[in-house]
């Protein structure tokens, strides 16, 4: 059984689709036609950036898991963690998104998510600073992230959410070679 | 692999070596040296021996960010554990020179299983 804690959501940066004012009632779960589900993203603070993760790929948001570093790993890999009897590689989301580290990179949140192509997806942990909100990002709202130098397509693009630039993460690209 | 595993800690991580691949174990300073086919591995601590690890292959994400060979991954208690490939162990473990082999069968020793530097040879107990 996977460990369960209260999702440590922080104050949201927005509560609605990009370009529209936030609903005074806050975010409500979309009554979900398929395209809307695919466009729904979890906003996560990672260093100095906000990243958008496809909500369909997110399995759980946890307070940070105990990490065991692997000597010789790339800096993006924070270590291994035990999750429900299985092992997760836990990655530094800020590094993956090419975001400058925040003033206090303690990674209080681990987002457990499916990564890699659908035929060989696997669970990973993404160490982040805070889970913020859930928003709908239609494909048209995501602009190509030219010049980011993302890692093998990991940064799918950028979108403007309530006036804030958000990096949209393509988790399917994570399991592919660099 | 059902024959048991030597479990050690090194660099904050937990590692296992299949019992049949351990050629020797020696104390060195505050740590230990585990001899396998590829050479001598450094260990900070010997955690013990275990059997019945439920091994999983390393996934693509781990292989991408940790480009080392491994026979598999498992959970030992609550500790993530990497089962090393004794023919290609992680470089982080290969940080010590191999301990000298016993030089001569005629060398006197108080115990046939332990040489002057305290190397336990395979098959000893």
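Here are the numbers:
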| read-out | value |
| --- | --- |
| Breaking point among (1) within 17 Å of residue B:62 (Cα to Cα); (2) surrounded by fewer than 18 Cβ atoms within 10 Å (Cβ to Cβ), for residue A:113 | (2) |
| Meets criteria (surrounded by 21 or more Cβ atoms within 10 Å (Cβ to Cβ), closer than 20 Å to residue A:123 by Cα, more than 17 Å from the chain's Cα centre (by Cα) and within 10 Å of chain A (Cβ to nearest Cβ)) for residue B:64 | yes |
| Residue check for residue A:126: out of contact with any helix residue (DSSP H, G or I) (no Cβ under 6 Å at 6 or more places or on another chain), surrounded by 24 or more Cβ atoms within 10 Å (Cβ to Cβ) and within 11 Å of chain B (Cβ to nearest Cβ) | no |
| Extreme residue, farthest from the other protein chains (Cβ to nearest Cβ), among residues of the range A:61-84 that are in a loop (DSSP other than H, G, I, E, B) and over 19 Å from residue B:69 (Cβ atoms) | A:64 |
| Residues that are away from every other protein chain (no Cβ under 14 Å) and in a loop (DSSP other than H, G, I, E, B), drawn from the range A:96-123 | A:97, A:98, A:99, A:100, A:101, A:102, A:103, A:104, A:105, A:106, A:107, A:108 |
| Extreme residue, farthest from residue A:78 (Cα to Cα), among residues of the range B:67-81 that are facing another protein chain (nearest Cβ under 7 Å) and touching a residue at least 60 places away in the same chain (Cβ under 8 Å) | B:79 |
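Conditions tested, residue by residue: (1) at pLDDT 90 or above; (2) more than 10 Å from chain A (Cβ to nearest Cβ); (3) more than 17 Å from the chain's Cα centre (by Cα).
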residue	(1), (2), (3)
B:14	yes, no, no
B:33	yes, yes, no
B:47	yes, yes, no
B:58	yes, no, yes
B:91	no, no, no
B:96	no, yes, no
B:103	no, yes, yes
B:123	no, yes, no
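The values are calculated or read from the model by the stated rules, or taken from the named source; none is laboratory data. Please read all numbers here as calculations on a predicted model, not as lab measurements. Positions of Cβ are generated from backbone atoms using ideal geometry, with glycine treated the same way; all protein chains shown enter the neighbour counts.
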